[in-house]
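The values are calculated or read from the model by the stated rules, or taken from the named source; none is laboratory data. These numbers were taken from a predicted model, which means no experiment stands behind them. Neighbour counts are summed over all protein chains in view; Cβ atoms, including those assigned to glycine, are modelled from backbone coordinates with ideal geometry. Please note that ligands, DNA and RNA were not included when accessible areas were found on the heavy atoms of the full protein model with its side chains. Shrake-Rupley method; radii C 1.70, N 1.55, O 1.52, S 1.80 Å.
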Amino acid sequence: RAEPHTTCLPYALVPSAEFDAPLLYQVRDERLPIKFSSDNIFSQKSSLRREKLETELAHLLNVTEVPDDWIKSIPVQSLDWSTLLNKSTISAPDVLMIDTEGLDAKLIKSFPWNEFHPHVLVFEHMWISDSEHAEILELLEKQDYQIISLEIDTVAIQRELFHRNIGAGRQRDMPTLD
């Protein structure tokens, strides 16, 4: 019996080919006013949103302003959906997880829904407006997804798959998420 094949693709997605290549912002440990051990909380800390990283640093280090040299920017190789899906060896994604610190809505809107329907889509809604989140939920419902909203994430499961595996009568066996 063949084992299922899992492929994770290491690219930054952008909504369209015309979109500027994103920057990854990363903490420069050597510039911080406090020296930490090599396994410190800041090692490899990064984000596609500089302001998110600055807010976190300011809170954790109890400072009001984060100097520019505490954070470095790194250009990230980026692809749009069309290029990524044509370049990959997979025929269609089964599970699609999007966590781009604010680009999630644009990526979902630009996804080629006429060609692909992942079984499950997970995205972070914490960095998008309520109106944009509502717009995305409407789009996903039209694509026949069952929506589950969690604290900062939204999970969309193909409705047929949801009802076959989770829905009607089986919900009482599901753990609660408090």
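A few comments on the model shown:
- Residues satisfying the stated conditions in the range 55-70, i.e. open to solvent by less than 50 Å² (accessible area, probe 1.4 Å) and not in a loop (DSSP other than H, G, I, E, B): L57, A58, L61, W70
- Residue in the range 88-104 that is surrounded by fewer than 12 Cβ atoms within 10 Å (Cβ to Cβ), among the hydroxyl-bearing types (S, T, Y) and modelled with pLDDT under 90 present: yes
- Any hit, the range 107-125, residues being surrounded by fewer than 17 Cβ atoms within 10 Å (Cβ to Cβ), among the aliphatic types (A, V, I, L, M) and assigned to a helix (DSSP H, G or I): no
- Of all residues in the range 25-45 being under 21 Å from W127 (Cβ atoms) and open to solvent by 50 Å² or more (accessible area, probe 1.4 Å), the one that is modelled with the highest pLDDT: K45
- Residues located in the range 105-131, provided they are among the acidic types (D, E) and at pLDDT 85 or above: E124, D130
- Any pair with Cβ under 7 angstrom, 6 or more apart, that starts in the range 129-150 at a residue that is of a type in the set (V, I, T) and ends at one that is open to solvent by less than 90 Å² (accessible area, probe 1.4 Å) and in a helix (DSSP H, G or I): I136/A105; I136/I108; I147/L137; I147/L140
- Of all residues in the range 140-157 being in contact with a helix residue (DSSP H, G or I) (Cβ under 7 Å, 6 or more places away or on another chain) and over 16 Å from M97 (Cβ atoms), the one that is most open to solvent (accessible area, probe 1.4 Å): D144
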